[in-house]
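Note sheet for the following structure.
Every number in this text was worked out from the coordinates using simple rules, so none of it is lab data. The structure presented is a predicted model; accordingly, all values stated were derived computationally and were not measured. All Cβ positions, even for glycine, are placed from backbone atoms using ideal geometry, and neighbour counts span all protein chains on display.
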Amino acid sequence: MPAKPVSLRGLVGRRAFLSRGAILAGSAAGLGTLFRRTASAQSDANLPPHVPQWMTEQGTPIVSPAYGVPSPFEHDVVRRPRAKTRTMTAASSCTPLQDLHGIITPNGLHFERHHAGVPAIDPDAHRLLVHGLVERPVTFTMNDLMRFPSVSRLHFLECSGNSFWTGTTAKSTVQETHGLLSCCEWTGVLLSTVLAEAGVKENAKWILAEGADAAGLSRSVPIEKALDDALLVYAQNGERLRPEQGYPLRLLLPGYEGNMNVKWLRRLKLGDQPFETREETSKYTDLMPDGTARQFTFVMEAKSVITFPSGGLQLHDHGFYEISGLAWSGRGRITRVDVSTDGGANWEQAQLQEPILTKCLTRFRVPWRWAGSPARLQSRAIDETGYEQPDRADLVAVRGLNSYYHCNAIQEWQVSADGAITNAV
Amino acid sequence: MRSRSLAALILAVLLLAPGCLWAQDAPTYGLGRPATPEELAGWDIDVRADGQGLPPGSGSVRDGLTVYAERCAACHGDKGEGNPMDRLVGGTGTLASANPVRTVGSFWPYATTLFDYVRRAMPLNAPQSLTADQVYAVCAYLLYLNQIVPAEAVLNPETLPKVQMPNRHGFTSPDPRPDVPRHASP
């Protein structure tokens, strides 16, 4: 290939990229060491040609520990509080997106948003009541619910407060700006199956979903969503739900804002009108410039973010890097992601990693050659409805700066000539 | 013989058809058991905007002052001014400004929601510990501080749903999104 693919923009041509597959494979393993930590001050004793110390003795035995944990060298891959809050129980913590690969969020790294802390629920002492506009009010035990025909589906969850309308700084990391976002394989029973067991009356239009936490968190869910793809889930990524994710039972409303996916679910009450709870009136409503507030804005619109390279990281060498990130839409599948390295003047279509699933994270990648000049990295997602992730300016022009929720603006990371990556403020 | 079988089949279909319709309405899996009125009485704590779900009881502004001082003021301030936790009073007329102040008085559309939320989630250190009378009283006091009810107000299942909140008509639905004009992309 001629040198042409390394364009002014720094993006490597697709064919050149393919021919460099071997380089990619060789470099991927070392990313964390390269970018997250400074060079090790240790001796060369374990490097070739020496025999590494760990080849000269037996490793640790099996089941130590019985439930495996990450390598101690990954100790800084952790959730972090999103902001200083007045209480640590009504608070949130963010997923370290900059450290993750693929689309699945490890269970211990799933973001948290609790309104009254994490309750310690004995599953044998937990019940789900289904009542209101039903033929037969029913009480379910966890054993009952786990006997229903089950389904497993991959879906993202995003807090509607994810990403800031104002207030980020140059130092903001992707964990801070976009970390109220996670994606798991969820297993449970279709809500429609459970509702049919109770018999939905014709005039039922809304369902109150209520948690068993100290907030008794409650939201009204439209019956159409409940009978469409809503799930009652008891497992994530192959194991029972983590307490932080609603153990033993949570509601999952694919594509809907996080707080509606009520954790520690204890009650579903069917009614003919919304229940107007605190979390759908005074909170989770979007204040517009004219002083009115939009209510029942459930869907998380298409959005994307570059997770590598991203804020706080440092590029030490010129040359090849793979730009990588995540895209998602609450309305369906991602069909395209574009990446720009010049602040949006020029765009290149990214590769999408399969599987590309509905209401699920999609990993995108673009090969990039950094020659040492300043760059402005952006990504924009397009979903199967044709919706395109907006510029911040376009979004703010419509909604102002006080709606707090549902900020899905294009994110920019700035690369300085010395390789430092910062959040574009 | 064949025609008799056919007739029997038709008869069977005719007889079973209504049964099938009925069967769709019956439990398919037979899991779970009927919820008892006692179970529901303890857990059915939500209050709708029209007041459905409000428990018997009542509370005055005067009673509310006492309850509020003992159970709420440490977090929300003596007069609901907030700090360290949410501000509950004031902010009227600020929603369209650059610095909107969202409080019970300026933002909340329904007084019933206040009852529902206080009953289920407040105070933070002891949710569901207030009696129905105490919740009515705290609601009365907060609405009084917001100049929505008079000092002599007494709230109960009849009067609370009738309280008109200043921002009652400040909310819009359904969701108008997508609402941002799309850029022409390549």
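Taking the beta-carbon count within 10 Å as an exposure proxy, list A:Lys359, A:Lys84, B:Lys79 from fewest neighbours to most.
Ordered by Cβ neighbours within 10 Å, fewest first: A:Lys84, B:Lys79, A:Lys359.
Only alpha carbons enter this Debye calculation for the stretch A:350-425, each as an equal point scatterer, and the log10 of I(q)/I(0) it gives at q = 0.13, 0.21, 0.26 Å⁻¹ is -0.56, -1.10, -1.22.
Can you bin the stretch A:112-294 into rounded, prolate or oblate? Criterion: square roots of the alpha carbon gyration tensor eigenvalues sorted a ≥ b ≥ c, rounded for a/c under 1.5, prolate for a/b above b/c, oblate for the rest.
Numbers: a/c = 1.97, a/b = 1.35, b/c = 1.46.
Cα axes put the stretch A:112-294 in the oblate bin.
Counting neighbouring beta carbons within 10 Å and listing from fewest to most, the residues B:Cys75, A:Cys407, A:Cys184 come out as B:Cys75, A:Cys407, A:Cys184. Peptide A:292-302 has a mean shielding of 5, counted as Cβ atoms of other protein chains within 10 Å of each residue's Cβ.
Among the listed pairs A:Lys263/B:Lys79; A:Lys84/A:Lys269; A:Lys205/B:Lys162; A:Lys283/A:Lys359; A:Lys225/A:Lys283; A:Lys84/A:Lys205, those whose Cα-Cα separation exceeds 29 Å are A:Lys263/B:Lys79; A:Lys84/A:Lys269; A:Lys84/A:Lys205.
Over all residues in A:398-411, what is the mean tally of Cβ atoms on other chains that come within 10 Å of each residue's Cβ? List each step's numbers first, then the result.
Numbers: counts 5, 3, 3, 1, 7, 0, 2, 0, 2, 0, 2, 1, 0, 0.
The per-residue average across the peptide is 2.
With K and R counted +1 and D and E -1, the other residues having a Cβ less than 10 Å from that of A:Met300 yield a net charge of 0.
Neighbouring Cβ atoms within 10 Å as the yardstick, rank B:Tyr29, A:Tyr404 fewest first. The partial results should precede the final answer.
Numbers: B:Tyr29 14, A:Tyr404 19.
The fewest-first ordering by Cβ neighbours comes to B:Tyr29, A:Tyr404.
Computed from label points 7 Å out along Cα-Cβ, the spacing between A:Gln349 and A:His316 is 3.7 nm. With R₀ set to 51 Å, the beta-carbon distance separating A:Asp342 from B:Ser129 gives a calculated FRET efficiency near 0.30.
Packing, as the average of other Cβ atoms within 10 Å across residues, places the peptides A:92-101, A:165-174 in the order A:92-101, A:165-174, highest first.
To one decimal place, what orientation-averaged projected area in nm² is obtained for the convex hull of the Cα set of chain A? That works out to 24.0 nm².
The distance separating the Cα centre of the stretch A:195-221 from that of the stretch A:114-151 comes to 11 Å.
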